[in-house]
Amino acid sequence: MPGSLTAETNGCLFAGQHAGHEDHPTVRCMADGVTADGDALGLQRQSIRDRLAGAGVGSHRGHGTAWPGGIWHYDRGVSGARPSIEIAPSVLPADLARLGEECQALEKAGVDRIQWDVMDGQFVPNLTFGPDVIAATRDLVSVPFEAHLIAETPDAMLDRYVDAGCQIVIVHAEACPHLHRTLGRVRELGAHPAVALNPATPASAVAHVLDLCDLILVMTVNPGFGGQSYLASMEPKIAEVRAMIDRSGREIDVEVDGGIGPATAPGAAAAGANVLVAGSALFRDPEGLDHAVTEIRAVATDAQR
């Protein structure tokens, strides 16, 4: 990761405390002159990968483990440097009868996080993972979980998915009439807020919430089903999102999801994505998960140069 990080926690790491508690990170940090979304006087929040590493990537509210918090300073280091490529597999194509074993196999293959596509049958036709399913696998691996809430009413389910062990929560801009409020609630719960954009949604939809986000997901398919073809026409939007982030001076991941594999990852990475969600390309690789993860990471890293 380019640059360097130092932390001044001011006592903002507390285990098992609900939002609104006087010792909850949100309340304590606001008392120290920090806004609820974690920024003050131009200071930057720590990146997802480093905050999770600092707190123990397997931690989650449901088990009362401390979440990362406090005031973070980021030194951008080498100008123009890009964050390293991360692989975030979707478990949609996994063998659901062996879901825990599949998660363990992904961790062994070297993935950086696991994405859970939570579909409600309304925002998209499909129905997928409830919080109890995710919670049942949480203690089997130490990599972070992210919940991609492909749902019409994400606000109603935020608490459950954070309690299930998801350190990153992605909501769709199209489903959130009060996006600022939704992202703030994710932060209050102790998770990393993120926004997803469907293919037809312009990059400008997140222009005024960058200060509240740790990740922007640019969908490279229309959500709802796995195994779809990559939309290369999204690459200019990926580049636009990355340019907005660079101009803001913030540390925000750019994630892509849909049709990602060895042939398409280079285009997404060259456009500015650093987190690649892959499903079918991983599980269907005839040489196995280890080979698939290594190959996608390598071709994407080469494309960044």
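Run D257 past the list (1) surrounded by 23 or more Cβ atoms within 10 Å (Cβ to Cβ); (2) modelled with pLDDT under 95; (3) not aliphatic (A, V, I, L, M) and report the number of the one that doesn't hold.
If we test D257 against (1) surrounded by 23 or more Cβ atoms within 10 Å (Cβ to Cβ); (2) modelled with pLDDT under 95; (3) not aliphatic (A, V, I, L, M), just (2) comes out false.
In the set G279, G267, G227, G272, which member is surrounded by fewer than 18 Cβ atoms within 10 Å (Cβ to Cβ) and more than 27 Å from R185 (Cα to Cα)? Working first, answer last.
Working: G279 fails: surrounded by fewer than 18 Cβ atoms within 10 Å (Cβ to Cβ); G267 fails: surrounded by fewer than 18 Cβ atoms within 10 Å (Cβ to Cβ); G272 fails: surrounded by fewer than 18 Cβ atoms within 10 Å (Cβ to Cβ).
Going through G279, G267, G227, G272 in turn, just one is surrounded by fewer than 18 Cβ atoms within 10 Å (Cβ to Cβ) and more than 27 Å from R185 (Cα to Cα): G227.
Step by step: first the residues of the range 146-161, then only those that are closer than 16 Å to L215 by Cα and in contact (Cβ under 8 Å) with a residue 40 or more places away in the chain, then the one that is farthest from the chain's Cα centre (by Cα). Which residue is that?
I150
Filter the range 282-305 for residues that are assigned to a loop (DSSP other than H, G, I, E, B) and either surrounded by fewer than 18 Cβ atoms within 10 Å (Cβ to Cβ) or of a type in the set (A, V, I, L, M, F, W, C) (or both) and give the result. Working first, answer last.
Residues of the range 282-305 assigned to a loop (DSSP other than H, G, I, E, B): 284-288, 305.
Hits for the range 282-305 are R284, P286, E287, G288, R305.
Do we have any residue at all in the range 70-77 that's in contact with a strand residue (DSSP E or B) (Cβ under 9 Å, 6 or more places away or on another chain), over 28 Å from A269 (Cα atoms), at pLDDT below 95 and assigned to a loop (DSSP other than H, G, I, E, B)? Full working, then the answer.
From the range 70-77, those in contact with a strand residue (DSSP E or B) (Cβ under 9 Å, 6 or more places away or on another chain) are 70-75, 77; that's our starting set.
Filter once more, keeping what is over 28 Å from A269 (Cα atoms): 70-71.
Going one step further and asking which of them are at pLDDT below 95, we end up with 70-71.
Keeping just the survivors that are assigned to a loop (DSSP other than H, G, I, E, B) gives 70.
Scanning the range 70-77 turns up at least one residue that is in contact with a strand residue (DSSP E or B) (Cβ under 9 Å, 6 or more places away or on another chain), over 28 Å from A269 (Cα atoms), at pLDDT below 95 and assigned to a loop (DSSP other than H, G, I, E, B).
The values are calculated or read from the model by the stated rules, or taken from the named source; none is laboratory data. Since the model is a prediction, treat every value here as computed from it, not as a measurement. Please note: Cβ atoms are built from the backbone with ideal geometry, for glycine as well, and neighbour counts cover all protein chains shown.
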